Amino acid sequence: MTASDDNGNGEAGGTPTSAPVDDARRPHMLFEDPEPIRLHLPHDVSITDDDSDEQITAKLRAQGVRIGKGMVAPAVFWPSLIAILGVALLAIFLPDGTSTVLTSINDWIVADLGWYYMLVVGGFVIFSIVIGFSKFGKITLGRDGEKPEFGVFSWFAMLFAAGMGIGLVFYGVGEPLTYATSGPKPGWDGSEADISKLAMAQTFIHWGLHPWAIYAVIGLALAYAIHRRGRPVSIRWALEPLLGHRVKGWMGDIIDILAIFGTVFGIATSLGLGVQQISSGLQAIGLVGEVDNTFLVILIVVITFLATLSVISGVGAGIKWLSNINLSLAGLLLIAVLLLGPTLFLFQNLIESLGVYLANFFNMTFDVGAYTGEAGAEWASSWTIFYWGWWISWAPFVGVFIARISRGRTVREFIAGVLLVPTVVGFIWFAALGGTGIYKQLFGEGGLVDPEDGVVAEKVLFDVLSSLPMGSILSVIAIILVAIFFITSSDSGSLVVDMLASGGHPNPPVWSRVLFAALEGALAIGLLLAGGLGALQAASLATALPFSIILIFIAISMVRAFQIESVRAREIETGQRFHEVGEHIADDFDEYLGDKVDARIDYRLSRTKGVLNRAPKEDRKPKGSR
């Protein structure tokens, strides 16, 4: 496609015209191969907060989005719905067969592709940091000169909220305590203290820079496409610099379908973990006795129903209200543990664990277990590789969230905020809760490690809280915290999935959001029946594999966009400088050059002889004479 193929509304890929593109517009064009695209789409096709649903739908269609009946994109909505529903029904009605398939996929990935996950996630960490410190860090995620939509503290608070989730509560005590006692990483040796410090450092690896580097890659690409380019909220547009107009076709549909698939399975994993912990909490405070799958299914149904009510109530009244409550409860729980637990030890644990984390950062990042055999592979399957798959599955969901709240930030601000704020929150959380568990087990009365089952993650949190003053109250707070995390995850997750299934419409139809919320609950039920935690882990790992490849191409696409924009910026700057110099010379010509030019003109005039006043021929000197 040539530069003349830009249609009247500034959107490439429309009806070709023979009218040439105005040269004055060229500095604002990007991605000339395979097609030219404006840096900022015209206002008549860019989606704004003031647009009505009808205007948004019209603008989406003007950008090439195919929206059908019910305000959904049929090429994305129906394949996603059929595939997710099919897996959920198979898992519910054929749990044993589903478990066998998931286990086989999990074993294959861990055995043959574990190194790939480790390499990719480590690469995303390095990539994010390099982009943040590069010359591209000055690029604004919005129009040139646009101010940030949210203040620094509000933005930090929302990033903090993004960093909180069911996983932090579920694994807050259990993960570091497991590494320190019943399930240390194969290859570790040393005293209890040495192993405990390595346990905290390994937990920091799983919950620190690494997951947020994954989110930073997709979030930055989306923020650039949404705020700087004016594109819809859809994963496909993150690959526009690489694929050009092809993102509007079947390639873009597959990208969005995989994003939906990964997001739904990631949310279902979180929901499955959540109900396990809620049931353990209800046991701990004496409200229920034995817990079986029937009870867990009832819990999922009840909480999914509450999430559906949140969906119907609207985003403003639903997610925002619940999120504020949740952040307050999480902060209250964290402060209570810090003050009521071994306070001095917890702060010492944080500082010392941070040092061990920094000292072992690259070793733990690229430790693929080459020398630990089957034991190392089994441990990685249960922990590191599972986490990398889970985070990749969550990437579209978290990426969309952090992209939407980052309008007006520079690339450098975005990378710094996304990598540092949630990471610091996670470190403090695990140092407090995990440190309290380790202190109780090693220096207190113990009793947190079962002789047969080891550390039971969903139960040990309540064992630790019950040992603190006001333990029953703290346990109730933890149960409420997990339940609200369940609801907000389902609510906001179904919103993101529905936006992707609606072509990037920021206000997708409520009926399809309710449908996806119900599907997430059904899938969580199916995976629990098909094998519990192991099936949840295997499902996340399997769905993350294809999307990890998309993330790699998103990173390449983002670099391409930044490089081309950097070249355009230099061209514009050079043109402006030439223009300024020309105007300066024209304005101040007499001051700097006028006298000299006048003198040269006078000299030339004085030396010029006309035809009538030339010297006689005989008086002229012959050629060559002096």
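Values quoted throughout were computed directly from the atomic coordinates according to the rules given, and no laboratory measurement underlies them. The model shown is predicted, which means the values in this text are computed figures rather than measured ones. We place every Cβ from the backbone using ideal geometry, glycine too, and count neighbours over all the protein chains shown.
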Calculated [θ] (222 nm, deg cm²/dmol) that DSSP helices of n ≥ 4 give over the chain, each run adding -39,500 (n - 2.57): -23000 deg cm²/dmol
Classify the stretch 41-200 as rounded, prolate or oblate, taking a ≥ b ≥ c as the square roots of the eigenvalues of its Cα gyration tensor: rounded when a/c is under 1.5, otherwise prolate if a/b is larger than b/c and oblate if not. oblate
Amide H partners (placed H, <5 Å) of T410, local residues excluded: L141
Expressed in Å to one decimal, the Kirkwood Rh of the stretch 212-295 from all distinct alpha-carbon pairs is 15.7
Alpha-carbon centroids, the stretch 421-491 and the stretch 276-314: separation in whole Å: 18
About the Cα centre of the chain, how large is the charge dipole given +1 on each Lys and Arg Cβ and -1 on each Asp and Glu Cβ? Please answer in debye to the nearest 20. 2680
Going by average Cβ neighbours within 10 Å, how do the peptides 377-388, 514-525 rank, with the highest at the top? 514-525, 377-388
Span-rule helices in the chain, defined as complete DSSP H runs reaching 20 Å or more along the axis (Cα) with Kyte mean at least 0.0: 74-93, 95-133, 192-207, 250-284, 293-313, 319-340, 343-359, 384-404, 411-443, 471-501, 510-529, 533-587
Would you please classify the overall shape of the stretch 163-306 from the alpha carbon gyration tensor, given that a ≥ b ≥ c denote the square roots of the eigenvalues, rounded means a/c under 1.5, and beyond that prolate means a/b larger than b/c while oblate covers the rest? oblate
Any idea what diffusion coefficient the chain gets from Stokes-Einstein, in µm²/s, Kirkwood Rh on alpha carbon pairs, 4 °C, 1.567 mPa s? 48
Relative contact order %, the chain, counting alpha carbon pairs below 8 Å whose residues are six or more apart: 30
For the peptides 566-574, 527-535, what is the packing order when you average, over each peptide's residues, the other Cβ atoms within 10 Å and list the highest mean first? 527-535, 566-574
Which value in Å does the Kirkwood hydrodynamic radius of the stretch 394-492 take, with 1/r averaged over all unlike C-alpha pairs and then inverted? 16.4
Using the Cα gyration tensor of the stretch 427-538, with a ≥ b ≥ c the square roots of its eigenvalues, what is the shape: rounded (a/c below 1.5), prolate (a/b larger than b/c) or oblate (neither)? prolate
So, with +1 on the Cβ of K and R and -1 on the Cβ of D and E, and no other charges, what is the size of the charge dipole of the stretch 416-514 about its Cα centre, to the nearest 20 debye? 340
Bins of 10 Å, starting at 0 and running to the largest distance - Cα pair percent for the stretch 221-263: 33, 56, 11
